[in-house]
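Shown next, in structure tokens, is the structure this report addresses.
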Amino acid sequence: MPGRVDGKVAFITGAGRGQGRSHAVRLAQEGADIIAIDICHDVEGALPMATAEDLAETAKMVEALDRRIVTHQADVRDLDALKAALDDGVEQLGRLDIVLASAGVAMMGGRTDKMSLGSWTHTIDINLTGVWNSARVAIPHLLAGGRGGAIVLTSSVGGERAMPYMGHYISAKHGVIGLMRSLAVELGQHNIRVNSVLPTNVNTPMFMNQGLFRAWRPDLENPTADDILPIAQAQHLLPIDWVEPVDISNAILFLVSDEARYITGIELPVDAGTLLK
Ligand SMILES: NC(=O)c1ccc[n+]([C@@H]2O[C@H](COP(=O)([O-])OP(=O)(O)OC[C@H]3O[C@@H](n4cnc5c(N)ncnc54)[C@H](O)[C@@H]3O)[C@@H](O)[C@H]2O)c1
């Protein structure tokens, strides 16, 4: 049986681990070849990023599915590096159909008047300008292919509503939705669809880390994932604490497949109902 994205090529940012890796594997299971990039070095003030070994592991997982993958270390803030990586991937794999802008960071927050300029700037540069860069390098390839295409920009439930002390992240994720709508309006005539996914808590290092546990349970000295369960569950309508990366990948797979051929310009929450609470 043919896969749901058979013969297509997908460009995925932040593919070294977490959701980006999961998207690479899930799309490869459905027949796509992958162009995967990740920064593979740390950014001041952010959690440790994926490593070169992580990105190599993503490649192994895709190749184990008999699909091709081209990997490059590139920072989404660096337009030239991103362009060079994607151009090389398209040259090797022959085409581009799907673009998934998943790379992102969660930096130290704080009340707006106390947040450092560095924290604000790094977050906006990676989580918003990085997404804009990813679209900018990909659009010429999609247009040149003449076959249309599908772009999914990863926002967050924080793209729809605010949380305290996260003004940088919330602003960037709201901005991603504005960018998604702008791209949908501009590219629809070329049969290029553009949508966003809005995840709730996802079981990846961005969520599962000591800094977040401490922020949520400042009353405990060494909180663990178990200690945040009641808070995490209370966020959702469904009786769960967080979702798995593959839950986001499955939503994205739908959006980029022909099953969603007339869907463009939407925000798709994968949020266990949190936006209704
Ligand atoms: N984990 C969650 O709870 C959650 C919830 C809502 C939205 N999101 C969003 O989902 C996306 C994926 O996050 P994740 O959960 O997989 O987290 P993650 O930290 O596991 O993965 C993020 C990946 O992006 C890469 N990256 C970071 N900055 C980069 C840069 N400048 N250039 C290239 N690569 C870079 C990292 O190395 C890492 O591999 C992010 O945009 C995040 O904001 C996450």
Search result, residues across the range 233-253 that are touching a residue at least 12 places away in the same chain (Cβ under 8 Å), assigned to a helix (DSSP H, G or I) and either more than 13 Å from PRO199 (Cβ to Cβ) or touching a helix residue (DSSP H, G or I) at 6+ places or on another chain (Cβ under 8 Å) (or both): PRO245, VAL246, ILE248, SER249, ASN250, ILE252, LEU253
Considering only residues that are out of contact with any strand residue (DSSP E or B) (no Cβ under 7 Å at 6 or more places or on another chain) and at pLDDT 95 or above, look in the range 261-277 and name the one that is farthest from SER22 (Cα to Cα). LEU276
Please work out if GLY178 is free of Cβ contacts under 8 Å to residues at least 24 places away in the same chain, over 20 Å from PHE207 (Cβ atoms) and open to solvent by 10 Å² or more (accessible area, probe 1.4 Å). yes
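Let's see how each residue does on (1) surrounded by fewer than 16 Cβ atoms within 10 Å (Cβ to Cβ); (2) over 26 Å from PRO205 (Cβ atoms); (3) modelled with pLDDT of 95 or more:
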site: ARG4; (1), (2), (3): no, yes, yes
site: ALA15; (1), (2), (3): no, no, yes
site: ALA28; (1), (2), (3): no, no, yes
site: ALA64; (1), (2), (3): yes, no, yes
site: HIS72; (1), (2), (3): no, no, yes
site: ARG77; (1), (2), (3): no, no, yes
site: GLN92; (1), (2), (3): yes, yes, yes
Looking at SER102, SER155 in this structure, which one is crowded, with 24+ Cβ neighbours inside 10 Å, in contact (Cβ under 8 Å) with a residue 12 or more places away in the chain, under 17 Å from VAL76 (Cα atoms) and in contact with a Lys or Arg (Cβ under 8 Å, 6 or more places away or on another chain)? SER155
When you check MET166 against the structure, is it near the ligand (Cβ under 9 Å from one of its atoms) and out of contact with any helix residue (DSSP H, G or I) (no Cβ under 6 Å at 6 or more places or on another chain), yes or no? no
Selection count, the range 30-45, where residues are surrounded by fewer than 19 Cβ atoms within 10 Å (Cβ to Cβ) and more than 24 Å from ASP66 (Cα to Cα): 5
Picking from ASP227, ASP241, the residue that is crowded, with 17+ Cβ neighbours inside 10 Å, of a type in the set (Asp, Glu) and modelled with pLDDT of 95 or more would be ASP241
Looking at the structure I just gave you, is ASP80 within 14 Å of the ligand (Cβ to nearest atom) and in a helix (DSSP H, G or I)? yes
Go through (1) surrounded by fewer than 22 Cβ atoms within 10 Å (Cβ to Cβ); (2) away from the ligand (no atom under 13 Å from the Cβ); (3) part of a helix (DSSP H, G or I) for LYS114 and report which single condition fails. (3)
Considering only the range 254-267, state which residues are open to solvent by 20 Å² or more (accessible area, probe 1.4 Å), outside any loop (DSSP other than H, G, I, E, B) and either closer than 16 Å to VAL99 by Cβ or free of Cβ contacts under 8 Å to residues at least 24 places away in the same chain (or both). PHE254
Out of the residues in the range 1-35 that are closer than 13 Å to LEU100 by Cβ and among the basic types (Lys, Arg), state the one that is farthest from the ligand (Cβ to nearest atom). LYS8
Would you mind stating whether ASP42 is charged (D, E, K, R) and without any contact (Cβ under 8 Å) to a residue 40 or more places away in the chain? yes
Considering residues that are within 10 Å of the ligand (Cβ to nearest atom) and in contact (Cβ under 8 Å) with a residue 40 or more places away in the chain, the number found within the range 51-73 is 2
Please determine, by comparing only the residues of the range 136-163 that are closer than 19 Å to SER249 by Cα, part of a helix (DSSP H, G or I) and touching a Leu at 6+ places or on another chain (Cβ under 7 Å), which one is farthest from the ligand (Cβ to nearest atom). GLY159
Among the residues of the range 190-219, how many are open to solvent by 60 Å² or more (accessible area, probe 1.4 Å), in a loop (DSSP other than H, G, I, E, B) and of a type in the set (A, V, I, L, M, F, W, C)? 1
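The values are calculated or read from the model by the stated rules, or taken from the named source; none is laboratory data. All of these numbers come straight from a predicted model, not from anything done at the bench. All Cβ positions, even for glycine, are placed from backbone atoms using ideal geometry, and neighbour counts span all protein chains on display. All accessible areas refer to the heavy atoms of the entire protein, side chains included, with ligands and DNA or RNA removed. Shrake-Rupley method; radii C 1.70, N 1.55, O 1.52, S 1.80 Å.
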